[in-house]
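**Student:** Sending over a structure as structure tokens; questions will come in a sec.
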Amino acid sequence: MKMSSVCTWPGRLALGLLGMALGACASGPDALPGSVPSVTNAALNQQSYNDAIAADYILRAADVISVQVFREEQLSLEAVTVDANGRISLPLIGSMQVAGLTAEQFEAEVERALGARYLHNPAASVNVVKYGSHLVTVEGAVKTPGIYEFVPGTRLSGGISLAEGPDRIAKLTQVAVFRDSPDGREVAKFDYQAVRAGTMIDPVLQPGDRIVLGTDGLTVFWQDFLKTVPLAGLFVRY
């Protein structure tokens, strides 16, 4: 008896599916040289998204900042968290509004408050220690779902990378981004393959965004099939 090079129909089915899976894995987006389009697709509800990075960062609740007053160590803070009301408390000055201002604008407010009653020509420096307000949820067919802190200016592709990229069962053409709006929670759809190829906008994430990668049903079937059918049983002797 010799081992036949021809396998039974389950074997042929498995090999066919394997070929399809490997073909899908081997294929990738063909990046097109040139400018990446910044236009949105209203049919996919992308009109409120953009790929422009804000020139000045606006401080938010949960951000951690440092406030340094030149030659006044006792008036300086190495790290202070902006509270839920968007305020912090500083020595001598007391509670001050932070959220909604840039670091430079808040510096001017600190200098004005100190100069009005306590110091002559004070010089303050404000820096962001931690972007605590910038959290994104990444779930679905990704390798490590979770809630991640991200740097302002991070794009959709970067958010997916925080979760270590798509899983094997990901359907890259089905990426949903949920975002709060004045009218409530809204969802937009993106094609990650097109984003990687540079043919679709790669939008800048906003705090509170939720990214969900869809699942490829064929791949799920293939994985379930391999779990239920022993590989050794796919071939027969005759």
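**Student:** Provide the packing ranking of 150-158, 116-124, i.e. peptides ordered by the mean count of other C-beta atoms within 10 Å per residue, highest first.
**Tutor:** On the way: 150-158: 17.1, 116-124: 13.3.
So the peptides 150-158, 116-124, ranked by packing, come out 150-158, 116-124.
**Student:** Could you compute the FRET efficiency for Lys143 and Glu104, with r as their C-beta to C-beta distance and R0 at 30 Å, rounded to 0.05?
**Tutor:** Values: r = 39 Å, r/R0 = 1.31.
According to the calculation, E is roughly 0.15.
**Student:** Above 15 angstrom, tally the Cα pairs of the stretch 64-130 and express them as a % of all pairs, no decimals. Provide the component values of the computation, followed by the final result.
**Tutor:** Working: 983 of 2211 pairs.
The answer is 44 percent, as a whole percent.
**Student:** What is the sum of charges, Lys and Arg at +1 and Asp and Glu at -1, for the other residues whose Cβ falls under 14 Å from the Cβ of Leu92?
**Tutor:** Computed value for this residue: -2.
**Student:** Can you give the relative contact order of the stretch 64-130 as a percent, counting alpha carbon pairs under 8 Å and 6+ residues apart? If you can, show how the numbers build up before the last one.
**Tutor:** On the way: 102 pairs, mean separation 25.7, N = 67.
Once divided by the residue count of the stretch 64-130, the mean separation gives 38 percent.
**Student:** Something else: Long-range amide H contacts for Thr154: which residues qualify at under 5 Å (H placed 1.01 Å from N, peptide plane, sequence gap of 5 or more or a different chain)?
**Tutor:** Residues meeting the criterion, in which the H sits 1.01 Å from N, are Leu205.
**Student:** Treating only the Cα positions of the stretch 127-215 as identical point scatterers, give the base-10 log of I(q)/I(0) from the Debye formula at each q in 0.13, 0.18, 0.21 Å⁻¹.
**Tutor:** Once normalised to I(0) and log-transformed, intensities are -0.39, -0.74, -0.99.
Bear in mind these aren't lab numbers, they're just calculated from the coordinates by the rules spelled out. Remember, it's a predicted structure, so these values are computed and weren't measured experimentally. All Cβ positions, even for glycine, are placed from backbone atoms using ideal geometry, and neighbour counts span all protein chains on display.
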